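Read through the structure below, which is laid out as C-alpha cells, and then see the notes.
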Amino acid sequence: MNLKKAANVKNIICLAVVAALGVGVFVVEKKGGTKINSNNSSKSSVSSSANGEAEVGKDGRKKVILAAEMPELSCEYIDFGGNVVFADTEGNYSLMENGSSVNGITVQDDTGAEIVFSKDGNELVLTREDQPAGGFVYNNHKISLKDGKLFIDNSPVEYKATSFSSYRLNKDYVVECTEKGKYRLKDNNGKVTDVCEMKESTGSKIKIKADDDGFYTEGIDDGFFYNVYRLGDDLLTTSWSNVLYINGQELVPYGYTDDHVNPDIKVDVDNVELEPKRPPISYGVAADGNNDISALTEEMLGYVNEIRKQYDMPNVYGLDELDKASQIRADELAQNFSHTRPDEKESAYNTVLTSEGLNWWRSGENIAKGGSNAREVFDSWISSEKHRAVILDPDMKYLSLAKSEGDGATYWELLMFNDCYVPVEGAKE
C-alpha cells in the first residue's frame, strides 16, 4: 500500500493520541556539570607524620594536601550546597541561590572562612574575608579563578550545550530550532529562507517549510504531507503539531536541556552542533514469536509492518498481555468514545497498560467508531496524519488490535507501546 495515497473510507470516526513517560532509572553518561557536596569522595590526601598520625597545623586543623594530578572533568557548574556558579551560553558566569538568579553568593571554605562570589559587569570576582582572592578549598577540591576563568581542580568551568538543536538536511541547508516547536532554514551562506526543496532517500522530490508555525514537508509531485521519511541514514518524523524529530529525538532550542539557565541572556542559535544523533539503543528483547495473539492483532500486524518496512523502520510485535489490555479499552470505548477511561478519575488510556502489569516508557492509541473490518479501519487511520504518526512512530515495539460492539456500532482499539528504552544493569549494546 502506498502511504501517500489517501484511502476513500467513509463513516469511520477516528481519534489518535501518543504519550511518553519515563519509568525506572535511566543509566546515562552525564555530560557537563559537577556537583560538589559533602557526600562526594575526595581526591585528596592527608599528610601524615612518621608515627602515622596526620600533621596538625598551627590553627589546629589537619593539613590537607591536594592531589598533584586531578583528572579533567566535563564541568559546566559548581554547586555549593544550593549556591551555584555556572557558565552561561555567552561565555560569562552566572550565580544562583536556591534556584533564583542573584548577583552574589557566599560560600564557607574548608577553613571556615567566608568566600564571596560577585559580578563586576561580566567579570566574576572572588573575595575571601573582604580581600581579593585567587582561590580556596571546598570539600578538599581546589576552586580557583585565573585570568577571569573559574576552575575546579584542573578543570575549567565552561558552557557545553547538551541540546540537539540543529540538523543538516543536506549539503546546502540546515534546520535550526529557535524556540520549542519553532524553526528556521539557513543555506550555506547563512541566509534564512522559509522553504527549500530536495530529494529524500527514495528519490521523491520534497518541499520543506520551517518557520514559527513548525516543520512541514510535502511531496512536490504528489502534494501529500510527509510525516516520516529518510535523509541518508537518518529518519525524520513530524508530529501532528509539526514538531520535528530526528531518529526519535526532538529538535529543541540551544541550551534547552541545560541544568541551569540565566533568564537575562538570549540564546545564540547560530552556535550549534550539526551532528545528527542516533536512535536510542534497544536493550530489550522483542516478543517476536507472536504466540497466542488474537486474529485481529495478527491481521493488523501484517498491514502495519508492511508500511513500516517501506521506510526501513523496525517491525512491531504482538503480545498476548497487550491483547488483554486493548480488549479492555475496546469495551470501554462503547461507554466513552475518548482517550480517557470511563472511571471516576477519567484516567488516561495508558493506565490500562500499568493495570495489566506492563511497564512502558512510550505508548500510543488509535480509536475508531464504525467500519466493517480491520482493513477498512487501517485504511482510515493511515490516511489521517495524526493516526499515521502513531502507526509509524519509530519508538513503538508492540501492537494490538481489539474491537467491541455497542449501541449498534463497532468500536476499534489500536494500542501500541515500548518497554525497552531503559537500559538494564550490565546490558551490552
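Descriptive notes on the structure:
- Asn315 being modelled with pLDDT of 90 or more, surrounded by fewer than 17 Cβ atoms within 10 Å (Cβ to Cβ) and part of a loop (DSSP other than H, G, I, E, B): no
- Annotation note: of Leu185, Leu235, the sole residue that is modelled with pLDDT under 90, within 25 Å of the chain's Cα centre (by Cα), more than 30 Å from Phe86 (Cα to Cα) and hydrophobic (A, V, I, L, M, F, W, C) is Leu235.
- Residue match in region 150-162 (condition: of a type in the set (A, V, I, L, M, F, W, C) and open to solvent by 60 Å² or more (accessible area, probe 1.4 Å)): no
- Residue tally, condition surrounded by 23 or more Cβ atoms within 10 Å (Cβ to Cβ) and among the charged types (D, E, K, R), over region 363-382: 1
- Considering only residues in region 396-408 that are in contact with a strand residue (DSSP E or B) (Cβ under 8 Å, 6 or more places away or on another chain) and open to solvent by 20 Å² or more (accessible area, probe 1.4 Å), the one that is farthest from Asn359 (Cα to Cα) turns out to be Glu405.
- The listed residues are Phe164, Phe136, Phe151, Phe117, and the only one of them that is modelled with pLDDT under 90 and among the hydrophobic types (A, V, I, L, M, F, W, C) turns out to be Phe164.
- Members of region 326-343 that are of a type in the set (Asp, Glu) and open to solvent by 30 Å² or more (accessible area, probe 1.4 Å): Asp331, Asp343
- Scanning region 291-312 for residues that are within 27 Å of the chain's Cα centre (by Cα) and assigned to a helix (DSSP H, G or I) yields Val304, Asn305, Ile307, Arg308, Lys309, Gln310.
- Test for Glu197: is it assigned to a strand (DSSP E or B), surrounded by fewer than 18 Cβ atoms within 10 Å (Cβ to Cβ) and either modelled with pLDDT of 90 or more or touching a strand residue (DSSP E or B) at 6+ places or on another chain (Cβ under 6 Å) (or both): yes
- Hey, Val102 open to solvent by 30 Å² or more (accessible area, probe 1.4 Å), aliphatic (A, V, I, L, M) and closer than 30 Å to Cys177 by Cβ or not: yes
- Region 132-162: number of residues that are in contact with a strand residue (DSSP E or B) (Cβ under 8 Å, 6 or more places away or on another chain) and assigned to a loop (DSSP other than H, G, I, E, B): 8
- Hey, Glu76 at pLDDT 55 or above, under 21 Å from Thr257 (Cα atoms) and open to solvent by 40 Å² or more (accessible area, probe 1.4 Å) or not: no
- Of the criteria (1) more than 30 Å from Leu236 (Cβ to Cβ); (2) under 35 Å from the mean Cα position of the chain (by Cα); (3) not in a strand (DSSP E or B), which one Val107 fails: (3)
- The residues listed here are Glu346, Glu385, Glu356; of these, the one that is in contact with an Asp or Glu (Cβ under 7 Å, 6 or more places away or on another chain), open to solvent by 10 Å² or more (accessible area, probe 1.4 Å) and charged (D, E, K, R) is Glu356.
- Residues of region 170-194 classified as outside any strand (DSSP E or B) and either surrounded by 18 or more Cβ atoms within 10 Å (Cβ to Cβ) or among the basic types (Lys, Arg) (or both), total: 4
- Contacts under 9 angstrom Cβ, first residue in region 213-241 being within 24 Å of Pro314 (Cα to Cα), partner modelled with pLDDT under 85 and assigned to a strand (DSSP E or B), 6 or more apart: Ser239/Val18; Trp240/Ala16; Trp240/Val18
- Of all residues in region 323-346, those that are closer than 15 Å to Leu415 by Cα have Cβ atoms under 7 Å from Cβ atoms of residues that are modelled with pLDDT of 95 or more and open to solvent by 60 Å² or more (accessible area, probe 1.4 Å), 6 or more apart or on another chain, in Ala330/Lys403.
The values are calculated or read from the model by the stated rules, or taken from the named source; none is laboratory data. None of these values were measured; they are calculated from a predicted model. Cβ: placed from backbone, ideal geometry, glycine included. Neighbour counts: every protein chain shown. Just so you know, the surface numbers come from the protein's heavy atoms only, side chains and all, with ligands and any DNA or RNA stripped out. Shrake-Rupley method; radii C 1.70, N 1.55, O 1.52, S 1.80 Å.
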